[in-house]
Amino acid sequence: MQQGKDSTVGTIVVALAVCLVCSVIVSFAAVTLRPIQDTNKTQDFKRNILSVVGMLDPSRPIDEQFSAFETRVINFDTGEYAPEMNTEEFDQRKSSKDPELSINLTAEQDMADIKRRENYGQVFLVRNDDDSIRFMVLPVRGYGLWSTLYGFLALEGDGKTIVGLSFYEHAETPGLGGEVDNPKWKAQWRGKLAYGPEWEPRATVVKGAVDPTSENAKYQVDGLSGATLTSRGVANLVQFWLSEDGYKPFIQRVADA
C-alpha cells in the first residue's frame, strides 16, 4: 500500500530533505563568508594595536594607518629579531600550543597561568625619523577569573614607560572583571612605569585605589571594584610578560640601542 505524505516515513523523508538543504546552505555560507570573517578579524587586530598607542583615527582606513607599524618576530630567549620567521605567516597563539614551538612553564615561572610559552613572539614597532623606536606594542595574555585575557601592552622606546594596556578578547564578568574594557581604567596605565631602577618588573594592579602619596604610585593602577581575581590576573600577566621569560630581553636590547 502506498505511503501517504503524512505517514511516518513521509515525515522522516521530508525532515531529512530539509536538514540536507539547510546543511548545504550553512556550509556554503560558511565557506563563502570565511574570507570576509578573516579580513574583519585582521582589521580588528590592527585596530586594537592602533588604539593602544592612541593612533587610531576612525576617519581613515585601518590598513593605511597600520602602515606606520613595523611587524617583527623575536626570539624570547635571546631578545633578538628572528629573520628566519615569516612575519606574514607567523601565528603566535597557535605556536603557544605546539610543543615543538613552545616550552612548558614551571609553576614558579607561570604567574600568568598560561601553561606554555611560545619560543617566538610578534612585536609591532613605530619608529621616529632617526630610526629609533618610538613605541613598541607587545601581545600579552594571562588568565583572569573565568578566561584567558588576550591584549596588547604598549611601551615607549625607553622600554620603561607604559603607553597603554588593552584587551581585545576575554570572557570576564560584565560590570566586574569586564571593566578591563573601561576607558577610564585603561587610561590609568598611560605614563606608569613598567620597571624599577634595576629593570625589575614593577607595574601592577593594587587592591582598592592607588595612594597618590606613595613612592610606588608610579608603578600602580587601581584595582577593579568587585573583581579581585581579574585584577590579580592582569597584574600577574603584566609581570610575566615584562619578565625574563617574556619580552624583557628584547625590551632591554631596544632601550640600550
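Just a yes or no: is a residue in the stretch 10-30 at pLDDT 75 or above, touching a Gly at 6+ places or on another chain (Cβ under 9 Å) and of a type outside the set (A, V, I, L, M)?
Scanning the stretch 10-30, I find no residue that is at pLDDT 75 or above, touching a Gly at 6+ places or on another chain (Cβ under 9 Å) and of a type outside the set (A, V, I, L, M), so the answer is no.
If we scan the stretch 150-162, do we find a residue that is of a type in the set (Ser, Thr, Tyr) and crowded, with 19+ Cβ neighbours inside 10 Å?
no
Out of 105, 145, report the one residue that is surrounded by 15 or more Cβ atoms within 10 Å (Cβ to Cβ), touching a residue at least 60 places away in the same chain (Cβ under 8 Å) and more than 23 Å from residue 194 (Cβ to Cβ).
Checking each option against the conditions leaves just 145.
Tally up the residues in the stretch 171-186 that are of a type in the set (Asp, Glu) and surrounded by 19 or more Cβ atoms within 10 Å (Cβ to Cβ), please.
Residues meeting the conditions: 2.
Consider only pairs whose beta carbons are under 8 Å apart and that are at least six residues apart or on different chains; among these, list those whose first residue lies in the stretch 204-230 and is without any contact (Cβ under 8 Å) to a residue 12 or more places away in the chain and whose second residue is part of a loop (DSSP other than H, G, I, E, B).
217/210; 217/211
Identify the single condition in (1) crowded, with 19+ Cβ neighbours inside 10 Å; (2) in a helix (DSSP H, G or I) that residue 255 does not satisfy, given that it satisfies every other one.
(1)
So which of 225, 243 ends up being in a loop (DSSP other than H, G, I, E, B), surrounded by 16 or more Cβ atoms within 10 Å (Cβ to Cβ) and not hydrophobic (A, V, I, L, M, F, W, C)? Explain how you work it out, then say what you get.
Working: 225 fails: surrounded by 16 or more Cβ atoms within 10 Å (Cβ to Cβ).
Within the list 225, 243, the selection yields 243.
The values are calculated or read from the model by the stated rules, or taken from the named source; none is laboratory data. The model shown is predicted, which means the values in this text are computed figures rather than measured ones. Please note: Cβ atoms are built from the backbone with ideal geometry, for glycine as well, and neighbour counts cover all protein chains shown.
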